[in-house]
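The values are calculated or read from the model by the stated rules, or taken from the named source; none is laboratory data. Here the structure is a predicted model, which means the values were calculated and not measured. A quick note on method: Cβ atoms are made from the backbone with ideal geometry, for glycine too, and the neighbour counts reach across all protein chains shown.
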């Protein structure tokens with residue numbers, strides 16, 4: 001593992017891909033560490049927001065493609081098996097807490113999907129993105145393509161997958177890949193401010209709506225579960241606190257119940 005994934009606590013949880021010498025490329029051994037962090041965060045009621053970023057010049061160069069080839073050579077049936085990187089991204093997207101992606105530089109390959117799995121994406125002006133699948137002969141995995149279409153639209157997804165277009169930060173902003181461009185020296189504080197803001201909102205409502213929006217995007221929404229979550233919020237003490245605080249012009253103190 002070599003410490004390539006850092007997890008720090010600064011009011012919200014900060015995950016940093018920390019392998020700058022390899023452009024923060026994610027290796028097979030990193031997946032187990034990421035899954036471990038994800039599993040811990042999924043049940044941590046104290047964490048209400050997560051920040052994902054990279055170190056050095058790049059956000060991430062994506063997943064190590066040589067490992068994919070090695071896996072298929074060792075076991076030809078692996079070509080039709082579940083994609084291990086995609087499975088990790090699915091689990092990351094499914095975290096209940098809102099995730100802010102702070103892109104500190106280039107984002108390539110599988111890292112583009114990891115960024116799209118986040119709920120808010122900030123980028124520095126020199127950020128670029130590139131999906132090289134067509135140039136490499138790689139057929140991308142299903143849920144990753146779904147995220148592209150649901151976040152960026154059908155035509156943009158085609159441009160990026162089939163024509164392998166490079167996009168700079170302004171183009172990423174125009175297509176919705178990036179929500180906001182911020183100065184490099186302000187990226188950390190902007191991400192932290194966004195995390196603190198959403199962490200101060202009612203967690204039952206925020207997490208319930210995040211789950212519903214993601215499932216709508218994947219066409220997997222369970223209407224009965226949606227109704228239960230909606231009812232739980234209406235019956236919670238948090239909604240009473242929120243309305244009362246609004247009327248009294250004060251900051252609410254939500255307790256997730």
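Here are the numbers:
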| read-out | value |
| --- | --- |
| Within region 146-257, helices (runs of 4 or more DSSP H) holding 2 or more residues that are under 30 Å from residue 109 (Cα atoms) | 154-162, 169-175, 187-199, 203-217 |
| Every residue from region 91-108 that is in contact with a strand residue (DSSP E or B) (Cβ under 6 Å, 6 or more places away or on another chain) and either assigned to a strand (DSSP E or B) or within 27 Å of residue 221 (Cα to Cα) (or both) | 97, 99, 100, 101, 102, 103, 106, 107, 108 |
| Residues located in region 24-66, provided they are farther than 30 Å from residue 253 by Cβ, in contact (Cβ under 8 Å) with a residue 60 or more places away in the chain and touching a strand residue (DSSP E or B) at 6+ places or on another chain (Cβ under 8 Å) | 24, 26, 59 |
| Candidate set: region 55-89, residues that are assigned to a loop (DSSP other than H, G, I, E, B) and at pLDDT below 80; chosen: the one nearest to residue 31 (Cα to Cα) | 82 |
| Extreme residue, farthest from residue 49 (Cα to Cα), among residues of region 109-122 that are assigned to a strand (DSSP E or B) and touching a residue at least 60 places away in the same chain (Cβ under 8 Å) | 122 |
| Any hit, region 112-119, residues being within 17 Å of the chain's Cα centre (by Cα) and surrounded by fewer than 19 Cβ atoms within 10 Å (Cβ to Cβ) | no |
| Residues (touching a residue at least 12 places away in the same chain (Cβ under 8 Å) and either more than 25 Å from residue 146 (Cβ to Cβ) or in contact with a strand residue (DSSP E or B) (Cβ under 6 Å, 6 or more places away or on another chain) (or both)) located in region 206-235 | 232, 233 |
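Here's the yes/no breakdown for (1) in the same structural domain as residue 148 (by TED's automatic domain parsing); (2) farther than 20 Å from residue 44 by Cα:
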site	(1), (2)
172	yes, yes
175	yes, yes
178	yes, yes
182	yes, yes
186	yes, yes
190	yes, yes
208	no, no
224	no, yes
